[in-house]
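Inspection log for the structure reproduced underneath, given as structure tokens.
The values are calculated or read from the model by the stated rules, or taken from the named source; none is laboratory data. This structure is a prediction, so every number in the text was calculated from the model and none was measured. Every residue, glycine as well, gets a Cβ built from its backbone with ideal geometry; the counts of neighbours run over all protein chains shown. All accessible areas refer to the heavy atoms of the entire protein, side chains included, with ligands and DNA or RNA removed. Shrake-Rupley method; radii C 1.70, N 1.55, O 1.52, S 1.80 Å.
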Amino acid sequence: MELVAEKHVHYVVGLDKHKDDLEYWLTEHLRINGMYWGLVALCMLGSESAVSKEETVDFVLKSYDSNSGGFGAAPRHDPHILSTLSAIQILYIYDALDRVDTDAIADYICSLQDPKTGAVQGDKYGEEDTRFVYNAVSTLRLLGRLFSRDESFRSGDIDNGFSIDLATKYIMSCKNFDGGFSSTPDGESHGAQAFVCIGALKIMGRLNISDFDLTASWLAKRQLPEGGLNGRPEKLPDVCYSWWILSTLAMLGKLHWINKEKLIHFILQAQDTENGGIADRTGNLPDVFHTVFGLTGLSLLGYPGLQSVSPVFCMPTSCGLPDISEQPSFSA
Ligand code: GRG
Ligand code: ZN
């Protein structure tokens, strides 16, 4: 089976044309995330021009909340760190960061870090999760604000800035005995949490803090005999882990611990070959989340014809991403 690339372009472009469907409005709280997923999917296929840059940027700008400095998932939605990262990723891909107040956005992100624990909350209501640490450091790095103020905060103090020391400590407190990572300290290891934790450490220049071979081995064990990857032991394989697990293995330099041919086969089997889109596994209905992570997974696997993706930022490398190889490396 081959990649039905043109059908996938058609599928993603069509997502915005279902405004009469109840589902469209039921997913409004994910709108900016969905736009980012759709845009990255199109970038992988070399078809980003299939959607209007101006319309997308306008929608993102309308979702900005100038009171807080954060973005909501759609206009008039409360700001949240999840939608703020997606908004910045879209603007970065479109080279449109000059249209927003990047200092106010960076200050909003910094305000969400707990000055005692280094954890990051998703919004003003206070839920904490390793996802939000990743979101914070990725957003700050894309804005060029992760390191600029950090020099004076090495001791872990926060003075309206972001403490890399504390964030690193918090992430390491979510590493488990099996090598996996959880969303909060003492939680269960989960493949997607490994992405956010290793990704955050990589962006902060802190991957040398520990040996992550056990993590890589836990991740490689997620491949099941049929080729697909699951997110934790005993669970079903799911196409989205072709992103969460593979990207993390790529960051750890262990992509070769996966059987590539079998995984490619698993992802291709999950395509809707008639209408486009990729599902979580064969036989299920496609959605944009599994479409983007199927395509970015295939890209990491070197599938012919796809554009290259950064395993750290989940954005096309062609958009000129920050060079994280040049970051200072600390031994905190
Ligand atoms: C830049 C790609 C990118 C992301 C931004 C928000 C974020 C950072 C990452 C989210 C990481 C995360 C925790 C994703 C959830 C993935 C997922 C499929 C969860 C489902 O968990 P279960 O328990 O599924 O429902 P399983 O597969 O365990 O049955
Ligand atoms: Zn999934």
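Points worth noting:
- Highest mobility in the GNM of the chain, judged by mean-square fluctuation with C-alpha springs under 10 Å and restricted to SER210, SER182, SER138, is found for SER210.
- Taking 23 Å as the straight-line reach from the Cα of LYS169, the lysines in range (excluding those fewer than 8 positions away in the same chain) are LYS116, LYS124, LYS202.
- Share of carbon and sulfur in the accessible area of region 5-316 stands at 50%, probe radius 1.4 Å.
- Estimated from helices alone, the mean residue ellipticity of the chain at 222 nm is -12500 deg cm²/dmol (sum of -39500 (n - 2.57) over DSSP H runs with n ≥ 4, per residue).
- FRET efficiency for ALA50 and ARG99, using Cβ-Cβ distance with R0 set to 22 Å, rounded to 0.05: 0.50
- Proximal aspartates and glutamates relative to LYS260, as straight alpha-carbon distance under 17 Å, when same-chain residues fewer than 8 apart are discounted: GLU2, GLU226, ASP238
- Per residue accessible area of the chain, 1.4 Å probe, in Å²: 43 Å²
- Each peptide in 94-102, 286-294, 167-175 receives the mean, over its residues, of other Cβ atoms within 10 Å, and ordering these scores from highest gives 286-294, 167-175, 94-102.
- The calculated FRET efficiency for SER66 paired with LEU22, based on their beta-carbon distance and R0 = 41 Å, is about 0.85.
- Proximal lysines to LYS262, defined as alpha-carbon separation beneath 16 angstrom and excluding residues fewer than eight positions away on the same chain: LYS221
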